[in-house]
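Read through the structure below, which is laid out as structure tokens, and then see the notes.
The numbers here are math on the coordinates, done by the rules we state, and not lab data. This structure is a prediction, so every number in the text was calculated from the model and none was measured. Don't worry about glycine lacking a Cβ; one is built from the backbone with ideal geometry, like all the others, and counts go over all protein chains shown.
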Amino acid sequence: DGGITQSPKYLFRKEGQNVTLSCEQNLNHDAMYWYRQDPGQGLRLIYYSQIVNDFQKGDIAEGYSVSREKKESFPLTVTSAQKNPTAFYLCASSAQGRKDYGYTFGSGTRLTVV
Amino acid sequence: GNSVTQMEGPVTLSEEAFLTINCTYTATGYPSLFWYVQYPGEGLQLLLKATKADDKGSNKGFEATYRKETTSFHLEKGSVQVSDSAVYFCALGRSEKLVFGKGTKLTVNP
């Protein structure tokens, strides 16, 4: 079955460390997205990519970086510049140009700073 | 610009009660409308959608009708169950990129 896989499910980061969250999809979707969700809060867009080798900043890109070298993969790096990284991170994908399609989401990665 | 406004939660109901979660939108043109559900500790799942005016989306006993005249897409269920406890997000799509509401937390007590 097609879907999106996020790994790991739980991740712990020490102060000053960079960590990378994995997101892989086998839906043949062109567009991919990263969201951050804080407890009791909605979704905030970090980065998105509509095509390989191209990506755009979302609303809260500071302290994060991404790459899109393959259509299937869109990893997110949380850098040491992100001062409050503890949150639930969600990856999603969608079919390019399809406003009726919606997103398919992964199951999320919970990042905790220790 | 495009935006979605959902009723603020949390919403607490007893089992078998009627549920309405209000959602209104602002958009140019003819967006598609979606409801997503998020169970604790999980990602979002598509619950239902409607792609044009007067369409009704339905799934698992939930329904929502795309009302262009009132720019609304309210979520309803006639009889909620404890297992419906989750956060519900309304969203609109003018392209492949969605705009989400802030979410409404529903708790259903036995």
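The table that follows gives values for the structure above.
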read-out	value
Neighbour-count ranking [beta-carbon atoms within 10 angstrom, fewest first] of B:K97, B:K49, A:K14, B:K60	A:K14, B:K60, B:K97, B:K49
Ratio of Rg to Rh over the protein assembly as shown (Cα coordinates, Kirkwood Rh, two decimals)	0.98
Longest to shortest principal axis, alpha-carbon extents of chain B, angstrom	43, 27, 21
Filter on A:K9/B:K105; A:K71/B:K102; A:K99/B:K60; A:K9/A:K57; B:K49/B:K105; B:K49/B:K97 - keep pairs with C-alpha separation over 21 Å	A:K9/B:K105; A:K71/B:K102; A:K99/B:K60; A:K9/A:K57
Volume per residue of the C-alpha convex hull in region B:20-81, rounded to whole Å³	94
Interchain or long-range residues, amide H under 5 Å from B:E15's placed H	B:N109
5 angstrom amide H check on B:L48, placed H, neighbours 5+ away	B:W35
At most 13 other Cβ within 10 Å, DSSP loop - GluC sites (Glu not before Pro), region B:1-103	B:E8, B:E15, B:E16, B:E69
Estimated vicinal HN-Hα couplings, Hz - region A:65-81 in sequence order (Karplus 6.51, -1.76, 1.60; Gly, Pro = x)	9, 9, 9, 9, 7, 10, 4, 7, 10, 8, x, 10, 9, 9, 8, 5, 6
Cα Rg, Dmax, region A:68-112, angstrom units	13.3, 38
Fraction of beta bridges assigned by DSSP in chain B that are antiparallel (%, nearest 5)	90
Sorted by Cβ density within 10 Å, fewest first, the residues A:K71, B:K52, A:K83	A:K83, B:K52, A:K71
